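Report on one structure; see the data block that follows.
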Amino acid sequence: MQIFVCIKQVPDTTEVKIDPETGRLIREGVPSIVNPFDKHAVEAALQLREAHGGKVTVITMGLPQAQEALRECLAMGADEAILVSDGPFGGADTLATSYTLSRACEKLGEHDLILFGKQAIDGDTAQVGPGVAEHLNLPQVTYVQKILELKDGKMRVERGIEGGYEVIEVPLPCVLTVDKSINEPRFPTMMGTMKAHKKEIPTWGVKDIEAAEDRIGSDGSATWVKRTFAPERKRRGEIIDCESPEEAVQVLISKLRDAKVI
Ligand SMILES: Cc1cc2nc3c(=O)[nH]c(=O)nc-3n(C[C@H](O)[C@H](O)[C@H](O)COP(=O)(O)OP(=O)(O)OC[C@H]3O[C@@H](n4cnc5c(N)ncnc54)[C@H](O)[C@@H]3O)c2cc1C
């Protein structure tokens, strides 16, 4: 089985703040991580390879430092990694990002499955996986929470929906975006980490993937982020400072009663 996994390097959003003056994310000093959903996609790919054989290739489009994210996935057990990085890719929205990733997938060649995380924790659009599926004209299933069966060139998967799930059968090759509940990602082993550091990661630019210049980066984007802002805090909390937790609970209950909340 040839499995590609698209992963994104994201800032650890638990540490990101917005500059109130400029409205931009303050990224300085913020550690970067592999998008958490994408680790579940890598784990799903590794489990499929263990059960059915084949190769797992991880791909990211990003700045040169995104190599670190790829190495983490190699350390988990992926076979190969590709970094798609070039100046003209900068400023891409989800349309241009998914086009660029689809070109990289085409260059990589035959594939049975392309996996994505459900969404990126910074952009949060959940559009890139479905976008790549559209560009490659592949069937897609989003929010996959369980892979039930792979047989006779078809997969049966469970897809999460509000209050339940659907069971969907999809022919290969296809695109799946996965939810965290699908598995528990493995930790990289010491040996895996050492091997990953020695592995060469090819960098592909615009020419390598034969991308149309008017479909990549800011020129190929249909949307622009005009402003980012943190919502204003309207209500301030109140700290109930008492001698003991029991006393604090009594004070809280009487306050809630006074406010007719309980
Ligand atoms: C310099 C810069 C400028 C930008 N300008 C704009 C702009 O003007 N307008 C705008 O709308 N957005 C802009 N973006 C954000 C950009 O659109 C998103 O980062 C990107 O399209 C992915 O969207 P998302 O984060 O919502 O991913 P989602 O769609 O939520 O991600 C879903 C899954 O897709 C995969 N994936 C996502 N991104 C990548 C990637 N790069 N490589 C490999 N796999 C990936 C992962 O598996 C991920 O779990 C900009 C980003 C940068 C760095």
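The values are calculated or read from the model by the stated rules, or taken from the named source; none is laboratory data. All values reported here derive from a predicted model rather than from experimental measurement. Because the Cβ atoms are built from the backbone with ideal geometry, glycine has one as well, and the counts that use them run over all protein chains shown.
General remarks:
- Counting only strands (runs of 3 or more DSSP E) that sit completely within the stretch 115-175, those holding 3 or more residues that are charged (D, E, K, R) and more than 13 Å from the chain's Cα centre (by Cα) correspond to 140-151, 154-161.
- Residue count for the stretch 137-193 satisfying the condition of being touching a Cys at 6+ places or on another chain (Cβ under 7 Å) and surrounded by fewer than 18 Cβ atoms within 10 Å (Cβ to Cβ): 1.
- Comparison of Glu106, Glu28, Glu68, Glu80 shows that the only residue that is at pLDDT below 95 and more than 20 Å from Leu150 (Cβ to Cβ) is Glu28.
- Where strands (runs of 3 or more DSSP E) fall wholly inside the stretch 7-83, the ranges with 3 or more residues that are touching a helix residue (DSSP H, G or I) at 6+ places or on another chain (Cβ under 6 Å) are 55-61.
- Selection of first residues in the stretch 90-118 that are near the ligand (Cβ under 10 Å from one of its atoms) and of a type in the set (Ser, Thr, Tyr) and of second residues that are assigned to a strand (DSSP E or B) and modelled with pLDDT of 95 or more, restricted to Cβ pairs under 8 Å at least 6 apart or on distinct chains, gives the following pairs, ordered by first then second residue: Thr97/Met61; Thr100/Met61; Thr100/Val84.
- Flag if Ala66 is within 15 Å of the ligand (Cβ to nearest atom), hydrophobic (A, V, I, L, M, F, W, C), within 17 Å of Glu184 (Cβ to Cβ) and in contact (Cβ under 8 Å) with a residue 12 or more places away in the chain: no
- Residue check, Thr60 over 15 Å from Pro202 (Cβ atoms) and free of Cβ contacts under 8 Å to residues at least 60 places away in the same chain: no
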